[in-house]
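Worksheet for the structure shown next.
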Amino acid sequence: MKNATGESFAKIILLGEHAVVYGQPAIALPVKSIRLTASLTDGTDQSIHSSFYTGSLQAAAHTDFAGIADLIAALLKHFNAVDAGFTLTIKSALPPERGMGSSAACATAVVRAFYAAFEQPLSRAQLLAWTATSEHAIHGNPSGLDAATTSAYRPQWFVKGQAPVPIQFPKNGTLVIADTGIAGQTKIAVGAVAKHLADDPDQTTASIEAIGQATVFAAKALAEDDLLALGTQMDHAQLALQALGVSNAALDQLIQTAKAHGALGAKLTGSGQGGCMIALAQNARDAQTIRQALTQAGATATWQYDFSEERTH
Ligand code: MEV
């Protein structure tokens, strides 16, 4: 096994979370300035160092790291190296449990590191198949969107069960991302929507379809560089996400603050019930104003993503 590194990025869902689990489309983007790296170096035993878990591979079985530990064990088996010694160091700038795809980013970087260490080519389809296994173990019923986006280099149009398609973003516009500081667990939030669907199928199906429709209209707005229309669709999606019960008071407050300070649209991003929200600003200057207001309103961290960044890559 060679020394090797794999990397991945934070993901932001622009539109379509939760509805994507039920077959509706989603639009999501990798944020390349917020990254995770997994580095493999020679070792006498099988040890892991990270902010999620530090210890032996074997002892990770009953921890929150179990899904990734199972993935590592499966990779070692795949490469006929179950007893190989290594040290795996994971460094992440992604806040965990904040809707930025931390677990999918971790799985993606780990798979890339092992394939590089064993000097094997890794296709995108193979990568997504590996990450689907660990995401199932961690989240129960994932759509695959998180893994598809944390491993991507461009914004993606995504439909469950289909290959993700790169999507063009406008020349202008800036997204502000703000963290409520409250952990939100994907498995619990996805389970809450499933319960809503069982309890009130008509209303829940209408909300899921409304999110799907907002995503379709948002794609049109992106293609036409129409930021106002994009903001409107983000607001529509947020109303439907509230109806699904996955927003909360902290998210709602940050969303209202962003809107009161000039955001063209604002919504939660990721699984919700905590985690992060996003706000669309006309330009980087407006984004600064919104960021400051969000910090004053209690956001524990903010980030900025200019759509123009995409056009240079
Ligand atoms: C979580 O980042 C996105 C959800 O739609 C779940 C999924 O797509 O697997 C809530």
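The values are calculated or read from the model by the stated rules, or taken from the named source; none is laboratory data. Everything numeric here is computed off the predicted structure, so don't read it as measured data. Glycine also receives a Cβ, built like all others from the backbone with ideal geometry; neighbour counts cover every protein chain displayed.
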Unmet criterion (only one of (1) away from the ligand (no atom under 16 Å from the Cβ); (2) buried (at least 23 other Cβ atoms within 10 Å of the Cβ)) for residue 54: (2)
Subset of the range 160-185 (residues that are more than 14 Å from residue 248 (Cα to Cα) and within 11 Å of the ligand (Cβ to nearest atom)): 160
Test result for residue 273, within 16 Å of the ligand (Cβ to nearest atom), assigned to a helix (DSSP H, G or I) and either without any contact (Cβ under 8 Å) to a residue 12 or more places away in the chain or not small (Gly, Ala, Ser) (or both): no
Given (1) β-branched (Val, Ile, Thr); (2) buried (at least 23 other Cβ atoms within 10 Å of the Cβ); (3) within 22 Å of residue 128 (Cβ to Cβ), number of the condition residue 37 does not satisfy: (2)
Conditions (1) buried (at least 22 other Cβ atoms within 10 Å of the Cβ); (2) not in a loop (DSSP other than H, G, I, E, B): number failed by residue 74: (1)
Residue in the range 101-113 that is within 16 Å of the ligand (Cβ to nearest atom), within 18 Å of residue 16 (Cα to Cα) and assigned to a loop (DSSP other than H, G, I, E, B) present: yes
Qualifying positions in the range 131-149 - part of a helix (DSSP H, G or I), within 10 Å of the ligand (Cβ to nearest atom) and hydroxyl-bearing (Ser, Thr, Tyr): 149
Number of positions in the range 1-49 that are within 19 Å of residue 99 (Cα to Cα) and away from the ligand (no atom under 16 Å from the Cβ): 5
Selected residue (only one of 180, 174, 150, 205 is touching a Gly at 6+ places or on another chain (Cβ under 6 Å) and under 30 Å from residue 224 (Cα atoms)): 150
Single condition residue 211 does not satisfy, out of (1) more than 16 Å from the ligand (Cβ to nearest atom); (2) touching a residue at least 24 places away in the same chain (Cβ under 8 Å); (3) closer than 27 Å to residue 258 by Cα: (1)
Subset of the range 168-180 (residues that are in a loop (DSSP other than H, G, I, E, B) and either acidic (Asp, Glu) or modelled with pLDDT of 95 or more (or both)): 173, 180
Only one of 239, 294, 268, 254 that is at negative phi and within 19 Å of the chain's Cα centre (by Cα): 268
Condition broken by residue 67, with the remaining ones in (1) assigned to a helix (DSSP H, G or I); (2) at pLDDT 95 or above satisfied: (2)
Those residues of the range 36-58 which are within 23 Å of the chain's Cα centre (by Cα) and in contact (Cβ under 8 Å) with a residue 60 or more places away in the chain, in sequence order: 36, 37, 38, 39
Subset of the range 114-163 that is within 18 Å of residue 103 (Cα to Cα) and β-branched (Val, Ile, Thr) - its residue that is farthest from the chain's Cα centre (by Cα): 133
Criterion: under 30 Å from residue 268 (Cβ atoms) and buried (at least 18 other Cβ atoms within 10 Å of the Cβ) - qualifying residue of 28, 60: 28
